[in-house]
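Comments concern the structure below.
The values are calculated or read from the model by the stated rules, or taken from the named source; none is laboratory data. No experiment lies behind these values; they were computed from the predicted model shown. Please note: Cβ atoms are built from the backbone with ideal geometry, for glycine as well, and neighbour counts cover all protein chains shown.
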């Protein structure tokens with residue numbers, strides 16, 4: 001009888017500890033992290049600064065990030081930084097593309113990887129406090145290219161669009177989840 005009481009006590013203690021660990025493990029609903037102050041209701045994502053020769057990036061990335069904020073959060077995205085509670089500034093620092101796979105018969109590239117390096121910073125406009133900062137945010141995207149010159153189609157713009165969407169998801173997630 002006593003053995004049963006000790007076993008029951010251990011089971012209850014284990015359940016209590018497990019409940020305590022689960023409650024304190026840091027899990028929370030997405031978009032509910034404390035990184036962004038409660039006073040922030042609007043976010044502006046102005047055009048990014050670009051020091052590369054790839055001009056489309058400065059348009060695509062802010063648009064994709066704005067769409068992601070609208071789709072996944074309660075924040076309203078505004079176009080005027082002066083009317084926003086927080087501003088997400090960005091700069092495209094580098095763009096590289098290089099072949100990663102070559103066709104053994106022709107020697108032509110059949111796969112290319114592109115890399116984009118950005119600097120991102122979300123700041124509260126009223127106080128100037130930096131809420132989120134990624135000084136070397138890197139995007140990578142791979143794409144296939146045809147080795148047949150007659151069927152060649154320039155895929156880099158599509159790859160940049162995909163990379164922009166992927167980046168938007170990563171940026172918004174990392175802002176919301178305090179990473």
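Report, by residue number, each residue of the stretch 77-97 that is surrounded by fewer than 13 Cβ atoms within 10 Å (Cβ to Cβ) and within 22 Å of residue 132 (Cα to Cα).
Narrowing the stretch 77-97 to residues surrounded by fewer than 13 Cβ atoms within 10 Å (Cβ to Cβ): 79-80, 82-83, 96.
Of everything in the stretch 77-97, those that are surrounded by fewer than 13 Cβ atoms within 10 Å (Cβ to Cβ) and within 22 Å of residue 132 (Cα to Cα) turn out to be 79, 80, 82, 83.
Which members of the stretch 67-98 meet the condition of being more than 16 Å from residue 37 (Cα to Cα) and assigned to a helix (DSSP H, G or I)?
Correct list: 67, 68, 70, 71, 72, 81, 82, 83.
So in the stretch 121-179, with the set limited to residues that are at pLDDT below 90 and in a strand (DSSP E or B), which one is farthest from residue 49 (Cα to Cα)?
In this case the residue turns out to be 144.
Is it true that some residue in the stretch 18-37 is at pLDDT 50 or above, closer than 29 Å to residue 127 by Cβ, in contact with a strand residue (DSSP E or B) (Cβ under 7 Å, 6 or more places away or on another chain) and not in a loop (DSSP other than H, G, I, E, B)?
Of the residues in the stretch 18-37, the ones at pLDDT 50 or above are 34-37.
Adding the requirement that they be closer than 29 Å to residue 127 by Cβ leaves 34-37.
From what's left, in contact with a strand residue (DSSP E or B) (Cβ under 7 Å, 6 or more places away or on another chain): 35-37.
Checking which are not in a loop (DSSP other than H, G, I, E, B) leaves us with none.
No, the stretch 18-37 contains no residue that is at pLDDT 50 or above, closer than 29 Å to residue 127 by Cβ, in contact with a strand residue (DSSP E or B) (Cβ under 7 Å, 6 or more places away or on another chain) and not in a loop (DSSP other than H, G, I, E, B).
Considering only the stretch 98-110, state which residues are closer than 23 Å to residue 137 by Cα and either free of Cβ contacts under 8 Å to residues at least 40 places away in the same chain or buried (at least 18 other Cβ atoms within 10 Å of the Cβ) (or both). Can you show your working first?
Applying the first criterion (closer than 23 Å to residue 137 by Cα) to the stretch 98-110 yields 98-100.
98, 99, listed by residue number.
Only one of these is closer than 23 Å to residue 158 by Cβ and within 15 Å of the chain's Cα centre (by Cα): 94, 90. Name it.
Numbers: 94 fails: within 15 Å of the chain's Cα centre (by Cα).
Matching residue, one of 94, 90: 90.
Given the criterion closer than 17 Å to residue 44 by Cβ, touching a helix residue (DSSP H, G or I) at 6+ places or on another chain (Cβ under 7 Å) and crowded, with 17+ Cβ neighbours inside 10 Å, identify the matching residue among 131, 120, 114, 160.
Numbers: 131 fails: touching a helix residue (DSSP H, G or I) at 6+ places or on another chain (Cβ under 7 Å); 114 fails: closer than 17 Å to residue 44 by Cβ; 160 fails: closer than 17 Å to residue 44 by Cβ.
Testing whether each residue is closer than 17 Å to residue 44 by Cβ, touching a helix residue (DSSP H, G or I) at 6+ places or on another chain (Cβ under 7 Å) and crowded, with 17+ Cβ neighbours inside 10 Å leaves just 120.
Could you count how many residues in the stretch 67-85 are in contact with a strand residue (DSSP E or B) (Cβ under 6 Å, 6 or more places away or on another chain) and in contact (Cβ under 8 Å) with a residue 40 or more places away in the chain? Before you say what the answer is, go through the steps one by one.
As a first pass, look at the stretch 67-85 and keep what is in contact with a strand residue (DSSP E or B) (Cβ under 6 Å, 6 or more places away or on another chain): 69-70, 75-78, 81, 84-85.
If we keep only those that are in contact (Cβ under 8 Å) with a residue 40 or more places away in the chain too, we end up with 69, 81, 84-85.
Of the residues in that region, 4 qualify.
When you look at residue 43, is it surrounded by 14 or more Cβ atoms within 10 Å (Cβ to Cβ), modelled with pLDDT of 75 or more and not in a loop (DSSP other than H, G, I, E, B), yes or no?
Details: surrounded by 14 or more Cβ atoms within 10 Å (Cβ to Cβ): yes; modelled with pLDDT of 75 or more: yes; not in a loop (DSSP other than H, G, I, E, B): yes.
Yes: the conditions hold for residue 43.
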